[in-house]
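*Asks:* Below are the structure tokens for one structure; questions will follow.
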Amino acid sequence: MPSPAHSTVDCDLLVIGSGAGGLSAAVTAAHLGLKVIVAEKDAQYGGTTAWSGGWMWVPRNPLAIEAGIQENIEQPLAYLRHELGAQFDEVRARAFLEHGPRMVDFFRRRTALQFIDGNAIPDFHGHTPHAATGGRSVCAAPFDGRRLGARLHELKPPLHETTLWGMGVAAGAELRHFFNALHQRASFWYVAKKVLRHWRDLLVHRRGTQLVNGNALVAGLAHSLLDKGGELWVSSPATRLLKDGHKVSGAVLHTPRSAVQVHARRGVLLACGGFAHDTARKRELLPHAPTGQEHWSAGSRGNTGDGLRLGESAGGQVRRDLAQAAALAPVSLVPRAQLRHDGGAPEGGPMHFPHLIERAKPGLIAVNRRGARFTNEANAYHDVMQGLLAATPTGETPEAWLVCDHRFIRYYGLGAVKPAPMPLRPWLANGYLKRGATLGELAAACGIDAAGLQATVTRYNRLALEGVDKDFGRGETAYNRIQGDAARATAHGLANPCMAPIERGPFYAVKVVMGSLGTFAGLRTNERAQVLDADDQPIVGLYANGNDMSSFMGGHYPAGGITLGPAMTFGFIAAHQMAGTDPAHSPLN
Ligand SMILES: Cc1cc2nc3c(=O)[nH]c(=O)nc-3n(C[C@H](O)[C@H](O)[C@H](O)COP(=O)(O)OP(=O)(O)OC[C@H]3O[C@@H](n4cnc5c(N)ncnc54)[C@H](O)[C@@H]3O)c2cc1C
């Protein structure tokens, strides 16, 4: 990393935090001719973004239009109006919907970051008016990490437990090849080739270079920034904002060499990733975490609320009125002995595994301590956890068990447990995975009600054979169905792609607790990403983005990619604002 030779450095834009929220603004600003410094607290750049799926919700994006999916801005706007209710903020929603397509257009035409389409990916809530069945999202295209040269080693690797030997697996067709590796010749060869290339990478580069998902997103952004002469300093936490009268004029960074005052002529952008690991803020904003400890976020451990505190120190306001302060997700706690990499566990603590893939597949249910189902498991992670909170009596801990049979776990895996041929034994030995020859034995191993579990599975199996979930509507929406597995369900003569009987022991379970993918509550901003003071006035020189900006979704979760899509878009907008240009007439488009 370039280390500052002086204790005072000048730039146009100082970005604090190197996830999508920071890097999107940094790359755009560098292309607009600004001198940019990105400061990252960790020894590696990328934050939670580098661990993410890399999906961005951007309705009306150019890839959808090229595929013939045309939407008027009023359609996604109407969907958001229905979804967000009292939290709907039309000004910010319009800014996002207008500039999102321009953001995608800019990156794909002018930078190293490329996209694949989400034209078959539906919005989460198919029952809501104006929900789309596809065409509103894009994902980062795979990226050859070797293009980063020496800076590849400072890129945060994917969350180890979500990978195979550190190799990321892209959603969709590639993931299906991995499930089918032992069942179909073409899939076997696909996987074998990928794994061999990965092992070669480990030998030659000491890490994987076939980057996918969020790792590809960060790599594409970082490459584009460095290519334009932008600076990216790792191990350089910002500890204090500098002010010039009422204007925020820079920040103090603690670099490995010394403390440096960075003066930023056009602005400082806070993009520290929110408060996922800030105990005090969790205690204040998450009712299910009364001591601040009862929330196990899968977000990056460096996201300790620094940006929110820095913003408040300059007069910014943290919103406390969102429908939910965090992007909830079921998380299982992986014992530390299983960690073979910097999977993100703090000293002595477990790794937090987010359950994003297997819940909708046919043959898995989620039950509470009474052994009863409580929600549609195929719904989005946030909804599943809202369902758990709603079904948990006051005074009880909101927790659940994901239950499946042997056939399921060997085909799909379960949480951190990988499908066959990877062994189950280590997971049984460390207590992460519970097993029972019968449902009664499994219930005893989990400490849940045996009769309740037996009755639940009996009923669920009957509904699975009928193909209709009369209890929770599993498989009803387009989102449920795409998360399910139509091919496998059909092969077994089943009508519902999200339901199959749980019938042949041994049976397995993994416990899930309240967690998140990140946080929603952040600094109040306007549609230009400027941080607002108590009088709703922009604080001159101060911007926030990513999870440091309070989500304009208001704590609702209408679609996958609603953090990264806005983060990329408001970064694009903020950079134009700082450069004094209108993104609607951007010289970059
Ligand atoms: C497994 C997983 C999958 C996900 N998939 C998706 C998806 O597909 N689509 C989607 O929209 N969302 C997804 N999310 C959520 C999404 O990844 C995050 O909400 C998003 O990455 C946050 O971006 P950010 O830029 O705000 O923060 P981050 O990417 O976390 O970056 C913040 C950075 O700021 C640094 N920092 C903190 N304090 C300081 C300081 N004082 N000085 C300097 N640097 C500091 C941190 O170390 C960190 O590197 C996923 C999350 C997880 C865990």
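The values are calculated or read from the model by the stated rules, or taken from the named source; none is laboratory data. Given the structure is predicted, the values throughout are model-derived calculations rather than measurements. Virtual Cβ from ideal backbone geometry, glycine too; neighbours counted across all protein chains shown. Note: areas computed on protein heavy atoms with side chains; ligands, DNA, RNA excluded. Shrake-Rupley method; radii C 1.70, N 1.55, O 1.52, S 1.80 Å.
*Asks:* If I model a spin label at residue 466 and residue 165 as a point 7 Å from the Cα along the Cα→Cβ vector, what separation in nanometres do I get?
*Replies:* Label at residue 466, label at residue 165, 4.7 nm between them.
*Asks:* Can you check how the C-alpha radius of gyration of region 81-154 compares to 2.2 N^0.38 Å, as a plain ratio?
*Replies:* Normalised Cα radius of gyration, region 81-154: 1.47.
*Asks:* Another one. Mind grabbing the base-10 log of I(q)/I(0) for region 45-101 at q = 0.14, 0.22, 0.23, 0.30 Å⁻¹? Debye formula, identical points on the C-alpha positions, no solvent, two decimal places.
*Replies:* Log-scaled intensity ratios, in q order: -0.50, -0.91, -0.94, -1.13.
*Asks:* Using alpha-carbon pairs under 8 Å, 6+ residues apart, how would you state the relative contact order of region 36-171 in percent?
*Replies:* 33 percent
*Asks:* Evaluate the relative contact order of region 182-266 (contact order divided by residue number), counting alpha-carbon pairs under 8 angstrom at least 6 apart; express in whole percent.
*Replies:* Value for region 182-266: 14 percent.
*Asks:* Also, quick follow-up: Go through 361/434; 282/470; 361/470 and tell me which ones have a Cα-Cα distance over 25 Å in this structure.
*Replies:* 282/470
*Asks:* In whole Å and largest first, what semi-axes does the C-alpha gyration tensor of region 261-384 yield when each eigenvalue is scaled by 5 and square-rooted?
*Replies:* Equivalent ellipsoid of region 261-384: 32, 19, 14 Å, largest first.
*Asks:* Which distance in nm do the two modelled labels at residue 425 and residue 444 give, with both placed 7 Å along the Cα-to-Cβ direction?
*Replies:* The answer from the label model is 2.4 nm.
*Asks:* Report, in debye and to the nearest 20, how large the dipole of the chain comes out about its Cα centre when Lys and Arg carry +1 and Asp and Glu carry -1 on their Cβ.
*Replies:* Result for the chain is approximately 1700 debye, rounded to the nearest 20.
*Asks:* Quick one: Debye curve from the alpha-carbon atoms of region 448-506 only, equal weights, vacuum; give me log10 I(q)/I(0) at q = 0.20, 0.25, 0.29 Å⁻¹ to two decimals.
*Replies:* -0.75, -1.01, -1.18
*Asks:* Stretched out fully, how many nm does the piece from residue 589 to residue 458 gain, at 0.36 nm a residue minus the Cα gap?
*Replies:* Length gained, residue 589 through residue 458: 41.3 nm.
*Asks:* To test your reading of the geometry: what angle, between 0 and 90 degrees and rounded to tens, separates the Cα axis of helix 185-205 from the longest principal axis of the chain?
*Replies:* For 185-205 against the chain, the angle is about 40 degrees.
*Asks:* Sticking with the crude label model, points 7 Å out along Cα→Cβ, report the distance from residue 182 to residue 70 in nm, one decimal please.
*Replies:* 5.0 nm
*Asks:* Restricting to DSSP loop positions (anything but H, G, I, E, B) with no more than 13 other Cβ atoms inside 10 Å of their own Cβ, which trypsin sites (Lys or Arg not before Pro) remain in region 441-547?
*Replies:* Sites meeting the loop and neighbour criteria: 470, 504.
*Asks:* Less than 18 Å apart at the alpha-carbon level, and either on another chain or at least 8 residues along: which lysines does that give for residue 228?
*Replies:* Within reach: 35.
*Asks:* If every alpha-carbon in region 488-582 counts as one equal scatterer, what log10 I(q)/I(0) does Debye give at q = 0.12, 0.13, 0.20 1/Å?
*Replies:* Debye output, listed in q order: -0.58, -0.62, -1.00.
*Asks:* Taking only the alpha carbons of the chain, what extent do you get along each of the three principal axes, in Å, biggest first?
*Replies:* 69, 54, 51 Å, listed from the longest principal axis down.
*Asks:* If ligands, DNA and RNA are left out, what is the accessible area of residue 309 with a 1.4 Å probe, given in Å² to the nearest 10?
*Replies:* My reading of the accessible area for residue 309 is about 110 Å².
*Asks:* Ignoring everything but the protein chains, give the 1.4 Å probe accessible area of residue 204 in square angstrom, nearest 10.
*Replies:* Spelled out: residue 204, probe radius 1.4 Å, area about 100 Å².
*Asks:* Set the Förster radius R0 to 35 Å, insert the Cβ-Cβ distance between residue 7 and residue 291 as r into 1/(1 + (r/R0)^6), and round the FRET efficiency to 0.05.
*Replies:* 0.30
*Asks:* Still on this structure, I have one more. Sequence gap at least 6, Cα distance under 8 Å: using those rules, report the relative contact order of the chain to the nearest whole percent.
*Replies:* Reported as a whole number, the value is 22 percent.
*Asks:* List the equivalent ellipsoid semi-axes of region 308-461 in whole Å, largest first, each obtained as the square root of 5λ for an eigenvalue λ of the Cα gyration tensor.
*Replies:* 31, 22, 14
*Asks:* Name the residues whose placed amide hydrogens come within less than 5 Å of the amide hydrogen of residue 267, ignoring near sequence neighbours (fewer than 5 apart) on the same chain.
*Replies:* Those lying under 5 Å, H to H, from residue 267 are 14.
*Asks:* Something else about it: For the chain, take the longest principal axis of its alpha carbons; what is the angle in degrees between that and the long axis of helix 20-31, to the nearest 10 within 0 to 90?
*Replies:* Once rounded, the angle reads 40 degrees.
*Asks:* Translational diffusion coefficient, Stokes-Einstein: compute it for region 69-114 using the Kirkwood radius over C-alpha pairs as Rh, at 4 °C and 1.567 mPa s, and state it as an integer in µm² s⁻¹.
*Replies:* For these conditions, the coefficient is 109 µm²/s.
*Asks:* Give the distance, in whole Å, between the Cα centre of region 454-520 and the Cα centre of region 76-143.
*Replies:* Spelled out, the Cα-based centre of one part sits 28 Å from the other.
*Asks:* Related question: Between 0 and 90 degrees, rounded to the nearest ten: what's the tilt of helix 213-227 against the longest Cα principal axis of the chain?
*Replies:* Taking Cα atoms only, the helix is inclined about 20 degrees.
*Asks:* With every protein chain left in place, what is the accessible area per residue of the chain in square angstrom, probe 1.4 Å?
*Replies:* Heavy-atom SASA per residue in the chain reads 37 Å².
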